[in-house]
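For reference, the structure discussed in these notes is given below.
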Amino acid sequence: MKLFCRFTAAFLAVCLFAAVQAEAAAFEDPRQNEAVCLMARCEEVLWREKLKRCPDFDVRLDPEHTGLVGTEFTPLTTTLGHWRDKVVSARPSMAGAVSGYFLRAGLCRGDAVAINASGSFPGFTLAALCAAQVMGLEAVLVCSYGASMYGGTVPEFTFPVMLDILRGEGLLGAEIAAVSPGGRDDSMSEVLLEDGRPLVQKLMAQRPERRLNSGFAANMEARREIFFSRPVKLFVSCGGPETSMGRGDDGPELPHGLIMPYLSAAEAPDGGLISEFLERGVPVIHLLYTAGICRDWGLPCEEMPDPEF
C-alpha cells in the first residue's frame, strides 16, 4: 500500500509538472513562460502551507491545489463572487497573460508598476507580482482585505500572509507598501455574513506595513501619495475595489485586460484610480473579468457551477 501511495503521488507530481509546462508553452515570449513557471512554484509552497495552517479548509474548494482559493462566507466576505472565476484566475497561466500585457504596454526592466489589489482575486495579484519579478519591474503594492466569495476570505491565509511565505522562501521579492480594510468605502462598511471590521482591525494591527484606516477619501489620498510619488509606467487593478473602480454604480463600463489611456476621470463620478491613471496618460491593466482575459490569450475558461458540498 505504501508503495502504491508513493507511486500515485509521483504520478500526480509528473502530471502537474506536465500541465504547467503545457500552460507555459501556450505563450511565445520566454518571459511569459518563465512567469508561468514561477507562479506554479509559488503555488506549490502556498498549498503546502495552507494545509498546515488551515487544517479545516475544505480542499475540494481548491481542486487545482493553488492555495489561492478561499471559502464562501467568512467575516472577510464583502460581496458575491463566482467560484469558477477564482479557480481560473489562480492558474499559473495568468502570470503569462499579465506578462503579455506588460509587454504589449512596452514596459522595460526597471520600470515601476503600481498594483492596487482587493482581497477578491489572490490569483491575479500573485500573477502580477510573478510577471513583474520575471520582467525586472518594480512592483508598488497596496492590498486590502475585503473579498468576494471564494477569494482571500480565509482569515489565517490572506494575501499579505501568502506574500510573507513566498518572500521567506525566496520566491518573490516584492513588498507591500500599505494595507487597508477594503470593501464598501474601503472600510468594510457592508459585508455578507457578519461585521468584519473587528477582524480586519486585528489583522491590520499585526502587519508591519503602513495601515490605511481613515475612510475612503483619506485612504484614496494615501494611495495617490504612494503611487504618484514615483514615475509609475503602468497601473494594475486586481479585483474590483472601489479605490480602483470608483464609488457608485454609474461609472463607465471598463474593458478588461490592457487599457491604453483614453478615459477622462470626469467621465466617472467619484472616479477611482483607474480613471486617474488613464487621465495622466498611464496605461492600466484591469484584472477582473477572467473570461475576457482567457480569450485574449487562448486560455481555457470552462464552465464550473458553484460547489454544492
Checklist outcome for this item: (1) over 14 Å from the mean Cα position of the chain (by Cα); (2) at pLDDT 95 or above; (3) surrounded by fewer than 21 Cβ atoms within 10 Å (Cβ to Cβ) all hold for Val161 apart from (1)
Checklist entry - Is there any pair linking a residue in the range 183-197 that is within 16 Å of Val142 (Cβ to Cβ) to one that is among the hydroxyl-bearing types (Ser, Thr, Tyr) and part of a loop (DSSP other than H, G, I, E, B), with Cβ under 7 Å and at least six apart or on different chains, and which? => result Gly183/Ser189
Checklist outcome for this item: Only unsatisfied item for Glu225, checking (1) free of Cβ contacts under 8 Å to residues at least 12 places away in the same chain; (2) closer than 17 Å to Leu129 by Cβ, is (2)
Next on the checklist: Return the residues of the range 164-192 that are among the charged types (D, E, K, R) and surrounded by fewer than 20 Cβ atoms within 10 Å (Cβ to Cβ); say none if nothing qualifies.
Outcome noted: Asp164, Arg167, Glu169, Glu175, Arg184, Asp185, Glu190
Item to check | Residues satisfying the stated conditions in the range 73-119, i.e. over 18 Å from Ala174 (Cβ atoms), out of contact with any helix residue (DSSP H, G or I) (no Cβ under 8 Å at 6 or more places or on another chain) and surrounded by 19 or more Cβ atoms within 10 Å (Cβ to Cβ) | outcome: Thr77, Gly81, Val87
Next on the checklist: Given the condition in contact with a Lys or Arg (Cβ under 6 Å, 6 or more places away or on another chain) and either buried (at least 24 other Cβ atoms within 10 Å of the Cβ) or in contact (Cβ under 8 Å) with a residue 12 or more places away in the chain (or both), answer yes or no: does some residue in the range 59-68 qualify?
Outcome noted: yes
Checklist entry - Among the listed residues Asp186, Asp195, which satisfies the condition of being modelled with pLDDT under 95 and more than 17 Å from Ala128 (Cβ to Cβ)? => result Asp195
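Matching residues to (1) out of contact with any Pro (no Cβ under 6 Å at 6 or more places or on another chain); (2) at pLDDT 85 or above:
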| residue | (1), (2) |
| --- | --- |
| Gly257 | yes, yes |
| Pro269 | yes, no |
| Gly281 | no, yes |
| Val284 | yes, yes |
| Cys294 | yes, yes |
| Glu302 | yes, yes |
Item to check | Unique match (being more than 11 Å from Ala35 (Cβ to Cβ) and over 16 Å from the mean Cα position of the chain (by Cα)) among Leu141, Leu107 | outcome: Leu107
Next on the checklist: Filter the range 47-94 down to the residues that are under 16 Å from the mean Cα position of the chain (by Cα), under 30 Å from Asp185 (Cβ atoms) and in a helix (DSSP H, G or I) and list them by number.
Outcome noted: Trp83, Arg84, Asp85, Lys86, Val87, Val88, Ser89, Met94
Item to check | Selection within the range 134-158 - more than 16 Å from Gly119 (Cβ to Cβ) and either in contact with a Phe, Trp or Tyr (Cβ under 8 Å, 6 or more places away or on another chain) or surrounded by fewer than 20 Cβ atoms within 10 Å (Cβ to Cβ) (or both) | outcome: Met135, Gly136, Leu137, Glu138, Val140
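The values are calculated or read from the model by the stated rules, or taken from the named source; none is laboratory data. Nothing here was measured: the structure is a model prediction, and the numbers come from that model. Reconstructed Cβ throughout: ideal geometry from the backbone, glycine too, with neighbour counts over all protein chains shown.
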